[in-house]
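Following: one structure in structure tokens, then a few remarks.
Each value in this text was obtained by applying a stated rule to the coordinates, not by laboratory testing. Everything numeric in this text was worked out from a predicted model, so none of it was measured. Every residue, glycine as well, gets a Cβ built from its backbone with ideal geometry; the counts of neighbours run over all protein chains shown.
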Amino acid sequence: MSKDIWLPWVQKLGDTESISSILLTDAFLDSPASINYHHAYPGGLAQHTMGVLGWAFCISKDICIDKKSLARVCLLHDVCKIGLYKKILKWRKDEQGKWESYSGYEHAKLDLPVGHGELSVIKCLQAGIKLTDEEILAIRWHMGAYDVSHDGMKSLGDACDKSLLVPILQSADLFDAHHPSTCIDLAAIVDSL
Ligand SMILES: [Fe+2]
Ligand SMILES: [Fe+2]
């Protein structure tokens, strides 16, 4: 995905320099979003991020919410995945039963193994992005109940109570993982911010 597609977004959402230092990099633009679950191809992370953005604006069309903040959490929710997947050569059998090699991914060892949503928040803060409390909650809890620690259910519920960003980002992420969004007019959305 070309950097040009992201420029109007990073220029409108504040913290332009810090957000650019994460999103306008080859590491982000070339990364897959998973190994085999969804958007598991080079550029998949950027594609998924766009899809979440599209779904989130679709879901929140008639909801009174800070749309710039919503765009920020969509763009930043999965930055923990940058550098998470390492390219490797894998093997499989072709239709004739012969072994063939193909390019795939495996999990890299994390320098900071702190959890999925937490790592995205930390990477943003380390890059100098000034997240609001609501943005921190939305990014931390974007996996919803799929990413709950032993006594995290109460925090998840409290986070949903505190900010509408939390359930909207959760839903958009889930929608795009299962039904990749391709038909939402993102150019019109960014113009409206
Ligand atoms: Fe995620
Ligand atoms: Fe995601």
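The table below gives the values:
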{"item": "Value of relative contact order over the chain, rounded to a whole percent, pairs C-alpha under 8 Å and six or more apart", "result": "24 percent"}
{"item": "Over region 33-111: Rg over Rh, Cα atoms, Kirkwood Rh", "result": "1.16"}
{"item": "Length gained when the stretch Ala145-Met1 is fully extended (0.36 nm per residue, less Cα-Cα span)", "result": "48.8 nm"}
{"item": "Principal axis dimensions, region 69-193 - Cα atoms, whole angstrom, descending", "result": "56, 39, 28"}
{"item": "P(r) tail fraction, region 1-157 - alpha-carbon pairs more than 23 Å apart, %", "result": "42 percent"}
{"item": "Chymotrypsin sites (Phe, Trp or Tyr not before Pro) restricted to DSSP loop in region 29-110 with at most 15 other C-beta within 10 Å", "result": "Tyr37"}
{"item": "Pairs beyond 23 Å (Cα-Cα), from Lys130/Lys154; Lys67/Lys130; Lys109/Lys162; Lys12/Lys61", "result": "Lys130/Lys154; Lys109/Lys162"}
{"item": "Reach of Lys86 by Cα under 19 Å, taken over aspartates and glutamates that are not fewer than 8 positions away in the same chain", "result": "Asp26, Asp30, Asp78, Glu106, Asp111"}
{"item": "Per-residue ³J(HN,Hα) for region 186-193, Karplus 6.51 cos²θ - 1.76 cosθ + 1.60, θ = phi - 60°, Hz, x for Gly and Pro", "result": "5, 4, 5, 5, 5, 5, 7, 6"}
{"item": "Between 0 and 90°, nearest 10: helix 3-12 axis offset from the chain longest Cα axis", "result": "20 degrees"}
{"item": "Under 5 Å, built H, 5+ apart or other chain: amide partners of Tyr105", "result": "Ile88"}
{"item": "The chain: angle of helix 153-162 to the longest principal axis, Cα-based, in degrees nearest 10", "result": "50 degrees"}
{"item": "Hz values of 3J(HN,Hα) by residue in region 109-123 - Karplus curve (6.51, -1.76, 1.60), Gly and Pro given as x", "result": "7, 6, 5, 10, x, 10, x, 5, x, 4, 5, 4, 4, 5, 4"}
{"item": "Stretchable slack from Lys68 to Trp91, in nm (0.36 nm times residue separation minus alpha-carbon distance)", "result": "3.9 nm"}
{"item": "Point-to-point label distance, Lys98-Asp26, nm (Cα→Cβ direction, 7 Å offset)", "result": "3.3 nm"}
